[in-house]
Amino acid sequence: MTIDPSLVSALSAVMGSLAGASASIFTTWMTQRNQNHRERSQLELRRREVLYGEFIAEGFKLTADATEHSLDHPETLVNLYTILGRIRLVSSDAIVNSAEEFCRLLIDRYMDKNIPIEEIPAMIRDSDHPLRGFASECRAELDRYTT
């Protein structure tokens, strides 16, 4: 039995076309997959930046409040703890632990005696702000999304 050379040529052309099309489809699929992954990472990065920024803004506001007031109304802390709950849903243990530590320090600050207004500038100059550790942990986690 002999094989017709024109049949071999036709089969070779079809197989070559299939191989080329398969490679093109695979390359397109991989490119789209990588692009979707990058877009999800960027969306997650932005979402976390906003969340951590909310916690820091609320934390600074309450730290300032705690220098002049005691915790007469526990609902003062509701927004901060709401944000902390959202952080617990998406963040690493290091960030959660740092945020919880800040909350403990804030409550301690509320329980301490009030600071006279004239001593506040010196306190700010001479102290390491309790949100510094939280911000450092956040920066480290967010850096993982940019690499």
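The values are calculated or read from the model by the stated rules, or taken from the named source; none is laboratory data. For clarity, every value in this text was computed on a predicted model and none was experimentally measured. Every residue, glycine among them, receives a Cβ derived from its backbone with ideal geometry; neighbour counts consider all protein chains shown.
Hey, residue 2 hits all of (1) touching a Leu at 6+ places or on another chain (Cβ under 6 Å); (2) in a loop (DSSP other than H, G, I, E, B) but one; which does it fall short on?
The one condition residue 2 does not meet is (1).
Mind listing just one residue for me: the one in region 96-121 that is closer than 13 Å to residue 83 by Cβ and not aliphatic (A, V, I, L, M) and, of those, surrounded by the fewest Cβ atoms within 10 Å (Cβ to Cβ)? First the steps, then the outcome.
Restricting attention to region 96-121, the residues satisfying the condition of being closer than 13 Å to residue 83 by Cβ are 96, 99-100, 102-103, 106.
Imposing the further condition that a residue be not aliphatic (A, V, I, L, M) reduces the set to 100, 102-103.
Working: 100: 14, 102: 24, 103: 18.
Here the residue is 100.
Could you tell me whether any residue of region 22-37 is over 31 Å from the mean Cα position of the chain (by Cα) and either modelled with pLDDT of 80 or more or of a type in the set (Ser, Thr, Tyr) (or both)? Even if it seems obvious, please write down each step before you answer.
Taking region 22-37 as the starting set, the residues that turn out to be over 31 Å from the mean Cα position of the chain (by Cα) are 22-26.
Narrowing further to those that are either modelled with pLDDT of 80 or more or of a type in the set (Ser, Thr, Tyr) (or both): 22, 24.
Looking for residues that are over 31 Å from the mean Cα position of the chain (by Cα) and either modelled with pLDDT of 80 or more or of a type in the set (Ser, Thr, Tyr) (or both), one finds at least one in region 22-37, hence yes.
Can you pull out the residues in region 1-40 that are among the aliphatic types (A, V, I, L, M) and within 29 Å of residue 142 (Cα to Cα)?
Selection gives 30 alone.
Is there a residue in region 95-109 that is modelled with pLDDT under 90 and either of a type outside the set (Phe, Trp, Tyr) or over 13 Å from the mean Cα position of the chain (by Cα) (or both)?
Within region 95-109, the first condition is being modelled with pLDDT under 90, and the residues that meet it are 109.
Retained after the next criterion (residues that are either of a type outside the set (Phe, Trp, Tyr) or over 13 Å from the mean Cα position of the chain (by Cα) (or both)): 109.
Looking for residues that are modelled with pLDDT under 90 and either of a type outside the set (Phe, Trp, Tyr) or over 13 Å from the mean Cα position of the chain (by Cα) (or both), one finds at least one in region 95-109, hence yes.
Out of curiosity, is residue 52 aromatic (Phe, Trp, Tyr), in a helix (DSSP H, G or I) and touching a residue at least 24 places away in the same chain (Cβ under 8 Å)?
Yes; evaluated as a whole, the condition is true for this residue.
In this structure, does residue 137 turn out to be surrounded by 12 or more Cβ atoms within 10 Å (Cβ to Cβ), at pLDDT 90 or above, acidic (Asp, Glu) and under 15 Å from residue 60 (Cα atoms)?
Spelling it out, it is not the case that residue 137 is surrounded by 12 or more Cβ atoms within 10 Å (Cβ to Cβ), at pLDDT 90 or above, acidic (Asp, Glu) and under 15 Å from residue 60 (Cα atoms).
Does residue 106 count as in a helix (DSSP H, G or I), touching a Cys at 6+ places or on another chain (Cβ under 7 Å), farther than 20 Å from residue 146 by Cα and of a type outside the set (Gly, Ala, Ser)? Walk me through it before giving the result.
On the way: in a helix (DSSP H, G or I): yes; touching a Cys at 6+ places or on another chain (Cβ under 7 Å): no; farther than 20 Å from residue 146 by Cα: yes; of a type outside the set (Gly, Ala, Ser): yes.
So residue 106 fails the test.
Tell me, yes or no, whether region 85-92 has at least one residue that is at pLDDT 90 or above, surrounded by fewer than 16 Cβ atoms within 10 Å (Cβ to Cβ), farther than 19 Å from residue 143 by Cβ and of a type outside the set (Lys, Arg).
Taking every residue of region 85-92 in turn, at least one turns out to be at pLDDT 90 or above, surrounded by fewer than 16 Cβ atoms within 10 Å (Cβ to Cβ), farther than 19 Å from residue 143 by Cβ and of a type outside the set (Lys, Arg).
Can you find, within region 41-60, the residue that is surrounded by the most Cβ atoms within 10 Å (Cβ to Cβ) among those that are more than 15 Å from residue 129 (Cβ to Cβ) and among the hydrophobic types (A, V, I, L, M, F, W, C)?
Only one residue tops the list, namely 51.
Being of a type in the set (Gly, Ala, Ser), surrounded by 13 or more Cβ atoms within 10 Å (Cβ to Cβ), under 22 Å from the mean Cα position of the chain (by Cα) and part of a helix (DSSP H, G or I), is that true of even one residue in region 61-80?
Within region 61-80, none of the residues are of a type in the set (Gly, Ala, Ser), surrounded by 13 or more Cβ atoms within 10 Å (Cβ to Cβ), under 22 Å from the mean Cα position of the chain (by Cα) and part of a helix (DSSP H, G or I).
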